[in-house]
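Read the structure below first, then the notes.
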Amino acid sequence: MPFSVFLMSVSQFLLATNWLLELDFVNKWKRLIHNKPALYLIGLFFLHLIWMFNSSNVAYGLHDIKIKLPLFVLALLVGSSKKLEIHEVKLILNFFILAVVGSSFISGLIYYGLIERHITDIRQISIFISHIRLSLLVNMAIFSSYYLARKTSQNNLKMIYTAIILSLSFFLFILNSYTGLLVFSLVFISMILRSVFLQKKIWLKWIFAFLALILIFSGVLLIKNYINEFYNFDNKISHKDLPKYTINGNLYKHNTKAIQIENGHYVYWYLCEKELEKEWNKKSNIPYSDGVNKRGFPIKYTLMNYLTSLNLTKDSVGVTNLANEDIKMIETAHSNYIYKNKYSPYAKVYPIIEQFYYYSKTGNASGASVTQRLEYLKIAKKIISNHFWFGTGTGDVDDAFKKHYQNGESTLKKEFQHRAHNQYVTFFISFGLFGFLGAMFFMFAPMYRERKQFLPLVFLLAAFLSMINEDTLETQAGITFFTYFYILFFIAFSFSEYQNQKSTDKIDA
């Protein structure tokens, strides 16, 4: 999964071939009909198949069915086979962790320039699959490592798993997937709360609960401070008090109507391009007038933004105060000095706050990954209102969105006009109310039986949270992620049955 979409398909083909060569179909059928989670997953697939009845776009519907095929195939293959033993589950998890570590290591080498590859966005360090899908796999590898560390008595293995947890957590922060970071944070907090409820000693429950509250409160307070810092504008300065001339006697331009800001300072105040160009050309080989930064954008605008972030004037004095490190930051397309610290939490949160600021001012979210989703949901709401009971059908979701975009119901530019980016909303649009409820049942019905088990709960939380922000089941990598762990934790093996068996063995002993 972390290395190749193609290999995901090949591995499923090999499993199917092995299943056919085993024969023994009578016993396989008996196992399948008694494996409820397998039937639930097959039910989710047939839900897509049934809802082809009201689809006009049959070609797109069949394409969607093809993507969802692992729901049926893998559930059939594994659900009709003998269940795994706990040592086999651990072996599979170890191989999975090893694969994720390998993939993240290669991405890390690209990030630090040890493997040469032209990237214009941090997300491009994930060269095998989408950075969002990779972040979900990294999350599962982190929590699987924790589980395995808890289950081993060998200190050397505990140290290895601990090193993996720390390195993958660090990599997840580098990867800068908002979905991955959100999943990690919320699952981590949820696991602390789980420990509180499962803890038998009252005094330990209070300690865990207190630590969880401090963690949540600290996070909220930190974000609140970041927002306040962002909105600490220069509004207290009167427009009439803005200086007219630079220290060299050249005329300043103050565009007081422009809304562009960096760190609370307006980009188009204190601007003298004559001095800016002259001084910049002394410090950089990239020309001011027609030069571009590493991402292909005009260098002069990156320079203006960067100077503003430092609260420096856009003139000769401002450029003179830039250090060599600052020049390099500007040339490599960094518009704010806060990105000097690659691991700063503020540097991760700042772009999101910035997106909401510009969206509130312009109403246009084009190119903004977070606020674009608000536009998608606006369109989705209109589609749902028109197809509330039975949905658009499996094949017509894409066409329904295109119709509303073509009617000019969104300010998004054409290249940013996409679907819901929310799996629950996509299900509601596709199937309507009744089909949506069916999909929710098929996906999360096994949760009750396994609600006290660590890894199944981690997976369900990760899947549930990722589907809020992504159409997780609409891509091959996403559907494989979901199906793989659903099958491993609910169909091929049951942690609750294993725990019950252990308890029974102790009583018999």
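Nothing in this text is a laboratory measurement; each read-out follows from the coordinates by a stated rule. Just so it is clear, the model here is predicted, and its values are computed rather than measured. FYI the Cβ positions are ideal-geometry reconstructions off the backbone, even for glycines, and counts take in every protein chain you see.
For segment 307-445, just say rounded, prolate or oblate: build the C-alpha gyration tensor, square-root its eigenvalues into a ≥ b ≥ c, call rounded for a/c under 1.5, and beyond that prolate if a/b exceeds b/c, oblate if not.
prolate
Could you tell me which of the pairs Lys257/Lys361; Lys378/Lys403; Lys382/Lys402; Lys28/Lys66; Lys244/Lys314; Lys151/Lys452 are separated by over 18 angstrom between their Cα atoms in the structure shown?
Lys28/Lys66
Rounded to the nearest 0.05, what FRET efficiency do Lys328 and Ile86 give with R0 = 60 Å and r taken as the Cβ-Cβ distance? Could you check?
0.70
Can you give me the angle between helix 86-111 and the longest principal axis of the chain, using Cα atoms only, in degrees from 0 to 90, rounded to the nearest 10?
Approximately 20 degrees, to the nearest ten.
Return the long-range amide H neighbours of Tyr266 (sequence gap of 5 or more, or a different chain), with a cut-off of under 5 Å between placed amide H atoms.
Correct list: Asp234.
Could you give the dipole magnitude of segment 239-340 about its Cα centre, charging the beta-carbon of Lys and Arg +1 and that of Asp and Glu -1, in debye to the nearest 20?
About 140 debye.
For segment 120-143 and segment 7-35, what is the separation of their C-alpha centers, rounded to whole Å?
30
With each label point set 7 Å from Cα along the Cα-Cβ vector, what nm distance links Val292 and Thr320?
Distance between the two pseudo-spin positions: 3.3 nm.
Taking 0.36 nm per intervening residue step and subtracting the Cα-Cα distance, what contour gain separates Leu23 from Ile202 on full extension?
59.0 nm
Could you work out how far helix 273-283 tilts from the main Cα principal axis of the chain, as a 0 to 90 degree angle to the nearest 10?
Computed tilt is about 70 degrees.
At 222 nm, what value in deg cm²/dmol follows for the chain if DSSP H runs of at least 4 each add -39500 (n - 2.57) and the sum is divided by all its residues, to the nearest 500?
Dividing the helical sum by the residues of the chain leaves -21000 deg cm²/dmol.
What percent do you get for the relative contact order of segment 361-491 when only Cα pairs under 8 Å and 6+ apart count?
26
Could you list, in their original order, any pairs among Lys240/Lys342; Lys68/Lys381; Lys68/Lys413 whose Cα atoms are separated by more than 28 Å?
Flagged as over cut-off: Lys240/Lys342; Lys68/Lys413.
Once you sort the root eigenvalues of the Cα gyration tensor of the chain as a ≥ b ≥ c, which label holds: rounded (a/c under 1.5), prolate (a/b larger than b/c) or oblate (the other case)? The partial results should precede the final answer.
Numbers: a/c = 2.21, a/b = 1.70, b/c = 1.30.
Prolate shape, in that a/c is at least 1.5 and a/b is the bigger ratio.
What FRET efficiency do you get for Lys244 and Phe170 if R0 is 51 Å and r is their Cβ-Cβ distance, rounded to the nearest 0.05?
Result of the calculation: an efficiency of 0.55.
Using a Förster distance of 35 angstrom, determine the FRET efficiency expected from the C-beta separation of Lys342 and Leu15, and round it to 0.05.
For R0 = 35 Å, the calculated efficiency reads 0.30.
Please turn the phi angles of segment 389-395 into ³J(HN,Hα) values with the Karplus equation 6.51 cos²θ - 1.76 cosθ + 1.60 (θ = phi - 60°), one per residue in order, whole Hz, x for glycine and proline.
Values per residue, Gly and Pro as x: 7, 10, x, 7, x, 4, x Hz.
Going 7 Å from the Cα of Ile50 toward and past its Cβ, which residues in segment 394-408 have a backbone nitrogen under 20 Å from where you end up?
Only 394-397 pass the distance filter.
Taking a ≥ b ≥ c as the square roots of the eigenvalues of the Cα gyration tensor of segment 62-113, is the shape rounded (a/c under 1.5), prolate (a/b larger than b/c) or oblate?
Oblate.
Hey, can you rank 354-366, 470-482, 12-24 by average C-beta count inside 10 Å, highest first?
470-482, 354-366, 12-24
Please give the contour-minus-distance gain from Leu186 to Leu69: 0.36 nm per residue of separation, less the Cα-Cα distance, rounded to one decimal in nm.
Between Leu186 and Leu69, full extension yields an extra 39.1 nm.
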